[in-house]
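Here the structure comes first, spelled out in structure tokens, and everything after it is commentary.
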Amino acid sequence: MKLRVRDVFIAGALPIHTYISRKSEFGLTYEFRLHNVVDMVGFLTSIVGPSKTGKTVLCDKVIGQDRYVDFIGSDFKDTEDFWETIANKVGIPLERDHTEIRTIEGQGLAGTKEGITTFITESFRSNKDKVIQYFTANNLVLLLDDFHYASPSKQFEIAYQLKDAIRKGLRTIIISLPHRSDDAIRKNADLSGRLNLINIEPWNTDELREIAVAGFNKLNMQIDLKIADNIAKESLSSPQLMQSICYNLSMILDIDNIDNPVMPDQDILDQAYRMTSLNLLAYQEVARKLKTGPNPRGQKRKTYMTIKNEETDIYELLLKAIADDPPTVSLSTDSIKRRIDVLLGDIADKPDRVKIKAALDQMQSIMQSSEPMYQVFEYKDDEVYIIEPLFLFFLRWGIL
Ligand SMILES: Nc1ncnc2c1ncn2[C@@H]1O[C@H](COP(=O)(O)OP(=O)(O)OP(=O)(O)O)[C@@H](O)[C@H]1O
Ligand SMILES: [Mg+2]
């Protein structure tokens, strides 16, 4: 039976019909690895990978949404006890701070009967035990997603709490972005020897292409491999972008209503790319901020005329160079210079390498001093690394 487009290309959740199983180290799939480690008592599973590479969807696929209870890092407030946050969400009645007063009868000095009074705050321990008991009895997994959104001190506290809990059988997965919670989890001596590590690699073009091939196949269309490749290259390393573009392309081709849709030409593909960029308008503001560059403090910036007759300054030129063909996730200063030389054609005073480096450094500090949303690429060791593929896609296809 022919499926509907919306059930095939799913950009925001687990795609049933276009789920691609990728190989990790030693040719083992990520699914196989997660499946094998999640039940190991005494171990914590740490999944680390770049944004939107399929970390959450991997857990959906392997564990199933009904078998895990998920939290995100920002759910854990510094002021609230970790176990209480979890107990609240799963609906375990909380042990309120009841302080137990125990008097142990004993012999006092000079034969008088005297008691030793002890105060024990029981709530903390019993909430923890109740949570562990609830999770093990119901065969549930605790999933701490986007862990990097917890404050660094909270991350350490959680790691400390989990050390003991995993020994008692609590199955836990922690998901985070590369380098963002290494200290609390992966470099934490308390947890060393108790960690199952899964590193999710960026997607390559071959893996991305499979999404299009599998999906169009489900829609009764044999997509031309060259076209699937073209979409995969635009998607850079993002399966989400691949799903979105394929969805929009299917809409343009009206696949739900037409039995033999035409094979798209470059114009139709470009249309699908532009349509996809409409959902990424949040990056317009990011692009504008970078294009404006630092405050020129009253001085007029030097402008350059491109071969397309556009008057640009160094910051606009840099963005144009980064957005140029072919799309790529990393670019050296020299290759950016070569792209700028082509954009400017035959003019005499093109910006030199020193000027290009200085402007890239400025962009880097603008991004670093802005909110996380603005951290779309990184300039270090003479190389621009695209962190957010969606941003590069927007630069190429969106309205700046
Ligand atoms: N194995 C896969 N096969 C096909 N598509 C996938 C796969 N993994 C991810 N995707 C696509 O990418 C989207 C994003 O995946 P997911 O939300 O799991 O990424 P993430 O790494 O958890 O992102 P974030 O860092 O933002 O939390 C999915 O909704 C789906 O469209
Ligand atoms: Mg996620």
With θ set to phi - 60° and the Karplus curve 6.51 cos²θ - 1.76 cosθ + 1.60, what are the ³J(HN,Hα) couplings of the stretch 299-308 in order, to the nearest whole Hz, using x for Gly and Pro?
8, 8, 6, 5, 10, 10, 9, 7, 5, 8
Backbone HN-Hα couplings from phi across the stretch 269-283 [Karplus 6.51/-1.76/1.60, Hz, Gly and Pro as x]:
4, 4, 4, 5, 5, 5, 4, 5, 5, 4, 7, 10, 4, 4, 7
Multiply the residue separation of Asp381 and Asp183 by 0.36 nm, subtract the distance between their alpha-carbon atoms, and state the gained length in nm to one decimal.
68.9 nm
Of Asn220, Leu140, Gly169, farthest towards positive along the dipole that unit charges on Lys, Arg, Asp, Glu beta carbons give the stretch 126-228:
Gly169
Chymotrypsin sites (Phe, Trp or Tyr not before Pro) restricted to DSSP loop in the stretch 1-95 with at most 12 other C-beta within 10 Å:
none
Could you work out the equivalent-ellipsoid semi-axes for the stretch 246-400, taking the square root of 5 times each eigenvalue of the Cα gyration tensor, largest first, in whole Å?
32, 18, 14
Count the lysine pairs in the stretch 281-397 that are 8 or more places apart or on different chains: how many have C-alpha atoms under 13 angstrom apart?
9
When a footprinting reagent is the concern and you count Cβ atoms within 10 Å, what order do Asp267, Asp146, Asp75 take, fewest first?
Asp267, Asp75, Asp146
3J(HN,Hα) from dihedral phi, the stretch 384-400, Karplus parametrisation 6.51/-1.76/1.60, rounded to Hz, x for glycine, proline:
8, 10, 6, 8, 10, x, 4, 5, 4, 4, 5, 4, 6, 10, x, 8, 7
How far, in nm, would the chain grow between Asp7 and His35 when pulled straight, counting 0.36 nm per residue and subtracting the alpha carbon separation?
7.5 nm
dims of the chain, Cα set, principal axes, largest to smallest, nearest Å -> 106, 64, 35
Hits among lysines - C-alpha to C-alpha of Lys61 under 25 Å, sequence gap 8 or more where chains match
Lys2, Lys23, Lys52, Lys89, Lys218
As an exercise, use a Förster radius of 22 Å and the Cβ-Cβ distance of Thr328 and Lys23 to find the FRET efficiency, rounded to the nearest 0.05.
0.45
Centre separation in Å (Cα based) which lies between the stretch 331-400 and the stretch 44-71:
33 Å
To the nearest 20 debye, the chain has a Cα-centred charge dipole, built from +1 on Lys and Arg Cβ and -1 on Asp and Glu Cβ, of 300 debye
What is the Cα radius of gyration of the stretch 260-350 over 2.2 N^0.38 Å, N being its residue count?
1.34
As a check on your grasp of the helix formula, calculate [θ] at 222 nm for the chain: sum -39500 (n - 2.57) over DSSP H runs of n ≥ 4, divide by the residue count, round to the nearest 500.
-13000 deg cm²/dmol
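No lab work stands behind these numbers, since they all come straight from the coordinates. Since we're looking at a predicted model, the values are computed, not measured. Cβ sites come from the backbone with ideal geometry, for glycine too, and all protein chains shown count toward neighbours.
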